[in-house]
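Heads up, the thing below is written out as structure tokens.
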Amino acid sequence: MSKTVTILFVLFNIVYFFIDYVLVTVLPNPLLFGWLPLQLGLLLFFPVIAAIVWGLYFNAFFNTQKHVK
Amino acid sequence: MKPAILISLGILVYAIFIVWHGFRSFKSTSESSEKFFTADRGLNPFVLLCTTSISVFSALAFYGAPSGIYKDGIGFYSNTGGMVAALMFVVVGYRLWLLGREYGFTTPVDYLRSRYYSDGYGLFVSAFLILFIVPYVAMQLVAIGDAVVVTTDGMVPYVIAVAVGTIVVSLHIIGGGMGSVAWMDTFHMCLGFGTLITLIVYLTMRYFPNGGFAEAVQIMQQNGTFDILSCPGPNGTFNWKGMISNALTGAIATVVWPHIFMRTFVASSKENFRQMSWAMPLSYVLVYSPIVIIGAILAPAILGPGFEKPDNIVAILSTQYAPPFIAFISLLCLFAFGVSTADSLLLSASAMASRDIYLHHVYELKGKTSDSKQVVKFGRLVLLLLMIITLVIVALKPASITDYAYKLSSPFFAQILPATLFGLFWKRASKEGAIAGTVSGLLVAIVLTFFVKPPFGFSALVWALVVNTLLLVVVSLCTKVPEEITAKYHTRIDSIIYSGAELTSLTDATLQAVNQK
């Protein structure tokens, strides 16, 4: 794994968890689609983006672990 | 026939099925403790995903989370911690899995005792983990017992319901061990998800036919429950401090809960971890989103503000606001969440008691050879004993499900988090540091949970982990770690992870260069 990729991955997680634990509590909360408050939308669906990023990163990481049977 | 009778019969059929499933493999699991406690380290990715995820989603998730959201708003959802458990499971779990393969670890105590080269520390950790598993298991059964009483309209008394639940869960594990637990968890995961979707679709179509969730939210704006849909919520609980405290309690430390910790050892290959990295957070989103929608939108819109028994909102919605079939499958869903957590925790308690206390102290330390069948037999006896203790506790029936379990069990499980993480990633982490950190963390958790209000709006757990970590680091810096420990737990594992990776990269680069020429 290149150092740049690892640093970007760490930065993504810092930003992600900061938004999910801290920023979401002070964000404005308009209703999306007439029923979904923005804060709830972020809490519910932001993790999908995290899942994609984590999946991509660890897929690349485990490609370097071919020697582990 | 009355619906309550049909529901009771359904529960009976379900209970018989679970016990039968466990005892199907009684003979084969009696042969070795490896098979009984780790399913021969052979769980495939899908089964590992289901058993890990559903073991985290306890009865507290199905009943406690909608209730918590109804009381304190959507910030309660921070108990999933942005699905951080999935990230932790891969980052921590892969190293633990490698260690398990190298040195035969099965339980959290196996690893901690060996990494911190202290039998006393191992004994201490196994004792407090086993001690605090029991109330957490009891809470699952209390939730099930309460729900059975409500759903069957009092036809099945509480005591009978919890007794049947406890005996069924215990017999299921006694019969089949980890393999049986994992496969039943997979069934429960599918059952739980299907039930949640059915419940939401029915309630929405029945009570909000003209606009679905939008109509429900409009009603919330009028009936005074709209604050539930924002942070910090109606009682101001979930500002950022509340969010972090809740995430620490419910999510960040999840990986060191004994039953989840044990699951890092049972993966069949590294592919499990590759797939868990994306599948586990997605499974959380899939299962937890319906739970949140029940607590945040459907319950406030249907029941209105100030519902007297918020712990029972799911039971009330599924029995008084839905037909008996929905009530029955909701009850099955609660069983799915409760049984899956209870059986996994009881199995981990049994593993620690039989392997880490009985096997290690009665055989290994005295240089005696152990009989694997004897260990399984002892593990099953421990399960019977735990069954009796749990029955006594559930008969006492504490008042608030979530508060009780969170106050007692989760903060205590979390106290092995610093020792686990530093033991994996910091060569300097020493025995003295681990003991000082864990003991001080437990003391701070006790004091701030029961005697003194935690300062600055953070929970007792946050302070306990801060003190635990600080002491572990400071004391470790003042003490030394034997060289063989560093070689075994850091040099060796790093060489497996990185040296092989470097070799693979070098080979790939060389091949690429040769091909280009």
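The values are calculated or read from the model by the stated rules, or taken from the named source; none is laboratory data. Quick caveat: nothing in here was measured; it's all calculated off a predicted structure. Here the Cβ positions follow ideal geometry from the backbone for every residue, glycine too, while neighbour counts run over all protein chains shown.
All conditions but one from (1) touching a residue at least 60 places away in the same chain (Cβ under 8 Å); (2) assigned to a helix (DSSP H, G or I) apply to A:Met1; the one that does not is (2).
When you check B:Leu424 against the structure, is it surrounded by fewer than 24 Cβ atoms within 10 Å (Cβ to Cβ) and closer than 18 Å to B:Phe132 by Cα, yes or no? Criteria not met by B:Leu424. Pairs meeting the criteria (first residue in segment B:179-196 and among the aliphatic types (A, V, I, L, M), second residue surrounded by fewer than 24 Cβ atoms within 10 Å (Cβ to Cβ) and not in a helix (DSSP H, G or I), beta carbons under 7 Å, at least 6 apart or on different chains) are lacking. Considering each residue of segment B:426-438 in turn, at least one proves to be modelled with pLDDT of 95 or more and within 26 Å of B:Asn79 (Cα to Cα). Report the residue count in segment B:97-107 for those that are over 19 Å from B:Gly179 (Cβ atoms) and either surrounded by fewer than 24 Cβ atoms within 10 Å (Cβ to Cβ) or touching a strand residue (DSSP E or B) at 6+ places or on another chain (Cβ under 8 Å) (or both). Counting residues in segment B:97-107 that are over 19 Å from B:Gly179 (Cβ atoms) and either surrounded by fewer than 24 Cβ atoms within 10 Å (Cβ to Cβ) or touching a strand residue (DSSP E or B) at 6+ places or on another chain (Cβ under 8 Å) (or both) gives 3.
What do you reckon, is B:Ser348 assigned to a loop (DSSP other than H, G, I, E, B) and either under 21 Å from B:Met178 (Cβ atoms) or touching a Ser or Thr at 6+ places or on another chain (Cβ under 8 Å) (or both)? No, not satisfied. Scanning segment B:358-382 for residues that are in contact (Cβ under 8 Å) with a residue 12 or more places away in the chain and aromatic (Phe, Trp, Tyr) returns B:Tyr358, B:Phe378.
Being surrounded by 23 or more Cβ atoms within 10 Å (Cβ to Cβ) and more than 7 Å from every other protein chain (Cβ to nearest Cβ) is the filter; apply it to segment B:221-232 and report the residue that is nearest to A:Leu32 (Cα to Cα).
As a first pass, look at segment B:221-232 and keep what is surrounded by 23 or more Cβ atoms within 10 Å (Cβ to Cβ): B:225, B:228-229, B:231.
Right, trim to more than 7 Å from every other protein chain (Cβ to nearest Cβ) and you get B:225, B:228.
Numbers: B:Thr225: 18, B:Ile228: 16 Å.
Filtering segment B:221-232 for residues that are surrounded by 23 or more Cβ atoms within 10 Å (Cβ to Cβ) and more than 7 Å from every other protein chain (Cβ to nearest Cβ), the one nearest to A:Leu32 (Cα to Cα) comes out as B:Ile228.
With respect to the conditions (1) modelled with pLDDT under 85; (2) under 26 Å from B:Trp97 (Cα atoms); (3) not hydroxyl-bearing (Ser, Thr, Tyr), B:Phe36 lacks only one, and its number is (1). Of the conditions (1) under 24 Å from B:Ser283 (Cβ atoms); (2) exposed (fewer than 13 other Cβ atoms within 10 Å of the Cβ); (3) at the interface with chain B (Cβ under 7 Å from one of its Cβ atoms), A:Val15 clears all except one; give me its number. The one condition A:Val15 does not meet is (3).
Scanning segment B:151-178 for residues that are surrounded by fewer than 24 Cβ atoms within 10 Å (Cβ to Cβ) and over 30 Å from B:Leu317 (Cα atoms) yields a count of 2. Among the conditions (1) under 16 Å from B:Gly233 (Cα atoms); (2) free of Cβ contacts under 8 Å to residues at least 12 places away in the same chain; (3) at the interface with chain B (Cβ under 7 Å from one of its Cβ atoms), the only one that A:Val26 does not satisfy is (3). Considering only residues that are within 17 Å of B:Ile493 (Cβ to Cβ), at the interface with chain B (Cβ under 7 Å from one of its Cβ atoms) and aromatic (Phe, Trp, Tyr), which ones fall in segment A:52-69? Residue satisfying the conditions is A:Phe62 alone. Here is the figure for segment B:188-219: residues that are polar (S, T, N, Q) and part of a loop (DSSP other than H, G, I, E, B) total 1.
A quick yes/no check of all residues on (1) surrounded by fewer than 23 Cβ atoms within 10 Å (Cβ to Cβ); (2) without any contact (Cβ under 8 Å) to a residue 40 or more places away in the chain; (3) of a type in the set (Val, Ile, Thr); (4) out of contact with any helix residue (DSSP H, G or I) (no Cβ under 7 Å at 6 or more places or on another chain):
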site: B:Ala301; (1), (2), (3), (4): no, no, no, no
site: B:Phe307; (1), (2), (3), (4): yes, no, no, no
site: B:Leu317; (1), (2), (3), (4): no, no, no, no
site: B:Phe325; (1), (2), (3), (4): yes, yes, no, yes
site: B:Ser330; (1), (2), (3), (4): no, no, no, no
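Hey, any hits in segment A:29-39 for a residue that's farther than 30 Å from B:Val217 by Cα, surrounded by fewer than 18 Cβ atoms within 10 Å (Cβ to Cβ) and modelled with pLDDT of 90 or more? So that I can check it myself, show each step before the final result.
Start the filter on segment A:29-39 by keeping residues that are farther than 30 Å from B:Val217 by Cα, which leaves none.
Taking every residue of segment A:29-39 in turn, none turns out to be farther than 30 Å from B:Val217 by Cα, surrounded by fewer than 18 Cβ atoms within 10 Å (Cβ to Cβ) and modelled with pLDDT of 90 or more.
So, of the residues in segment A:29-51 that are in contact with a Pro (Cβ under 9 Å, 6 or more places away or on another chain) and assigned to a helix (DSSP H, G or I), which turns out to be farthest from the other protein chains (Cβ to nearest Cβ)?
First, the residues of segment A:29-51 that are in contact with a Pro (Cβ under 9 Å, 6 or more places away or on another chain): A:29-31, A:37-39, A:47-48, A:50-51.
Remaining after also requiring assigned to a helix (DSSP H, G or I): A:38-39, A:47-48, A:50-51.
On the way: A:Leu38: 9, A:Gln39: 6, A:Pro47: 4, A:Val48: 6, A:Ala50: 6, A:Ala51: 4 Å.
The selected residue is A:Leu38.
Table: residues versus (1) aliphatic (A, V, I, L, M); (2) more than 29 Å from the chain's Cα centre (by Cα).
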{"site": "B:Val181", "(1), (2)": "yes, no"}
{"site": "B:Ile219", "(1), (2)": "yes, yes"}
{"site": "B:Asn239", "(1), (2)": "no, no"}
{"site": "B:Ser245", "(1), (2)": "no, no"}
{"site": "B:Leu248", "(1), (2)": "yes, no"}
{"site": "B:Val256", "(1), (2)": "yes, no"}
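Scanning segment B:456-492 for residues that are in contact with a Ser or Thr (Cβ under 9 Å, 6 or more places away or on another chain) and charged (D, E, K, R), we see that the one that is nearest to B:Ser245 (Cα to Cα) is B:Lys480.
What number of residues within segment B:453-472 satisfy the criterion of being surrounded by fewer than 12 Cβ atoms within 10 Å (Cβ to Cβ) and in contact (Cβ under 8 Å) with a residue 40 or more places away in the chain?
Taking segment B:453-472 first, the residues surrounded by fewer than 12 Cβ atoms within 10 Å (Cβ to Cβ) are B:453, B:455-456.
With in contact (Cβ under 8 Å) with a residue 40 or more places away in the chain added as a condition, the list becomes B:456.
Final tally of qualifying residues: 1.
Pairs meeting the criteria (first residue in segment B:266-292 and more than 7 Å from chain A (Cβ to nearest Cβ) and without any contact (Cβ under 8 Å) to a residue 40 or more places away in the chain, second residue surrounded by 24 or more Cβ atoms within 10 Å (Cβ to Cβ) and part of a helix (DSSP H, G or I), beta carbons under 7 Å, at least 6 apart or on different chains) are lacking. If the condition is being of a type in the set (A, V, I, L, M, F, W, C) and exposed (fewer than 15 other Cβ atoms within 10 Å of the Cβ), then segment B:473-495 contributes B:Val474, B:Leu477, B:Cys478, B:Ala487. Number of residues in segment B:180-220 that are farther than 30 Å from A:Leu32 by Cα and touching a strand residue (DSSP E or B) at 6+ places or on another chain (Cβ under 8 Å) equals 1.
In segment B:282-310, what residues are within 28 Å of B:Ser55 (Cα to Cα) and part of a loop (DSSP other than H, G, I, E, B)? Residue satisfying the conditions is B:Lys309 alone.
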